[in-house]
Amino acid sequence: GDGADCFVDWSNNNTMVESYVNGDFNLSTNGGNSWSSIVSGITGTAAWVAPIIQSLHVANTYYCGYQQVFKTTNKGTTWTQMGSIPSSGQILYLAAAPSNSLVLYAATSGALYKTTNGGTSWSTISAGLPTSAASISRMRVDNTDANNVFVSFSGYSAGNKVFVTTDGGSTWTNISAGLPNLPANCIIYSNNTNDAIY
């Protein structure tokens, strides 16, 4: 059906998070036998497919996106807004930096944001990206370098498929050469490699 983001807790296989449309997030702590809602304290409206991810550093910490980014440190019992992103759009994608717990990236279809202080403040890092011609479809962060980030784009804008930054979004390089003019709907970074991406 209309499923959305989900994950199994990396520290406990019996803990799972699933979601339905418009940010309807639910938690199971018994391997999926029962579920409970975990949206208390989240405000605003969510996208049809809203993102929710688990922290790579602290198992009980999750991040989710509505019109702002929210954080829970108790597996969704309570949520707090992480600063204020200067956008009226809905957050579609989140990516946490494996090497730095304070760095998180968030994206709408037309803008990319970054925090380096755990969400106290956010900066827009879209300059140099083809956001007027294509929509952001995913981003991935190098597992050893929080400033090395890859962004993919959907749509049919020829030559605008994948961009990389090595300085945390200050500058971007187009690395789309060789890709056909088809939507690039996702991207994966292969950990501990010399920037092997799929």
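Is there a quick way to get the dipole size of the chain? I mean about its Cα centre, with the Cβ of Lys and Arg at +1 and of Asp and Glu at -1; what is the value in debye to the nearest 20? Please report the intermediate quantities before stating the final value.
On the way: 6 positive and 9 negative charges, 38 e Å.
Using Cβ point charges on Lys, Arg, Asp and Glu, the chain gives about 180 debye.
Over the C-alpha atoms of segment 40-155, what are the Rg and the largest Cα-to-Cα span, Dmax, in Å?
13.3, 40
Just to confirm my numbers, what's the Cα centroid distance between segment 1-67 and segment 109-177 in Å?
Here the two parts' Cα centres lie 24 Å apart.
Summarise the accessible area of segment 1-137 (1.4 Å probe, protein heavy atoms) by the percent that is carbon and sulfur. Numbers along the way, then the final one.
Details: 2840 of 5960 Å².
Accessible surface attributable to carbon and sulfur in segment 1-137 totals 48 percent.
Suppose accessible area is computed on protein heavy atoms with a 1.4 Å probe; arrange 64, 6 from highest to lowest.
Numbers: 64 0, 6 95 Å².
Ranking 64, 6 by accessible area, largest first, yields 6, 64.
No solvent, one uniform scatterer per C-alpha: report log10 I(q)/I(0) for segment 1-60 via the Debye equation at q = 0.20 1/Å, two decimals.
-0.77
Please label the shape of segment 118-198 as rounded, prolate or oblate, based on the square roots a ≥ b ≥ c of the eigenvalues of the alpha-carbon gyration tensor (a/c under 1.5 means rounded; beyond that, a/b larger than b/c means prolate, else oblate). Walk me through the numbers before you get to the answer.
On the way: a/c = 1.94, a/b = 1.23, b/c = 1.57.
It comes out oblate by the Cα gyration axes.
Which value, in Å² rounded to 10, gives the accessible area of residue 182 with a 1.4 Å probe and all protein chains present?
My reading of the accessible area for residue 182 is about 90 Å².
Looking at the square roots a ≥ b ≥ c of the eigenvalues of the Cα gyration tensor of segment 37-102, which shape do they give, rounded for a/c under 1.5, prolate if a/b is larger than b/c, or oblate?
Numbers: a/c = 1.74, a/b = 1.25, b/c = 1.39.
Since a/c reaches 1.5 but b/c is at least a/b, the shape of segment 37-102 is classed as oblate.
Top mean-square fluctuation among 76, 155, 23, Gaussian network model of the chain, C-alpha springs under 10 Å?
155
Which one, 63, 20, 105, has the greatest fluctuation when you compute a Gaussian network model over the chain with C-alpha springs under 10 angstrom?
Answer for the Gaussian network model of the chain: 20.
Given (i) 17.3, 63; (ii) 29.9, 95; (iii) 16.4, 47 as candidate values of Rg and Dmax of the Cα atoms in Å, which corresponds to the one derived from the coordinates?
Given (i) 17.3, 63; (ii) 29.9, 95; (iii) 16.4, 47, the structure-derived one carries the label (iii).
Using Cα pairs under 8 angstrom and six or more residues apart, how large is the relative contact order of the chain, in percent?
Working: 518 pairs, mean separation 22.4, N = 198.
This gives 11 percent for the chain.
Rolling a 1.4 angstrom probe over the protein chains, ignoring ligands and nucleic acids, what is the accessible area of residue 173 in square angstrom, nearest 10?
80
If you average the sequence gap of Cα pairs under 8 Å that are 6 or more apart and divide by the length of segment 114-198, what percent do you get for the contact order? Please report the intermediate quantities before stating the final value.
Working: 163 pairs, mean separation 21.3, N = 85.
Computed value for segment 114-198: 25 percent relative contact order.
Comparing 52, 136, 188, which has the greatest mean-square fluctuation in the GNM of the chain with Cα pairs linked when under 10 Å apart?
Taking springs between Cα atoms under 10 Å, the residue moving most is 188.
Expressed in nm², what is the orientationally averaged projection area of the convex hull enclosing the Cα positions of segment 103-148?
Details: hull surface 13.3 nm².
One quarter of the hull surface, i.e. the mean projection, equals 3.3 nm².
Going toward the positive end of the dipole of segment 2-153, with +1 on Lys and Arg Cβ and -1 on Asp and Glu Cβ, which of 153, 11, 33 do you reach last?
So the residue we want is 153.
Which value, in Å² rounded to 10, gives the accessible area of residue 24 with a 1.4 Å probe and all protein chains present?
The accessible area of residue 24 comes to roughly 60 Å².
What number, in percent, do you get for the relative contact order of segment 51-151 if the mean sequence gap of Cα pairs under 8 Å and at least 6 apart is divided by its residue count?
Here the relative contact order equals 20 percent.
The values are calculated or read from the model by the stated rules, or taken from the named source; none is laboratory data. Worth saying up front: this structure is predicted, and the values here are computed from it rather than measured. So basically every Cβ, Gly included, is an ideal-geometry build from the backbone, and we count neighbours across all protein chains shown. Just the protein is used for accessible areas: all its heavy atoms, side chains included, with ligands, DNA and RNA removed. Shrake-Rupley method; radii C 1.70, N 1.55, O 1.52, S 1.80 Å.
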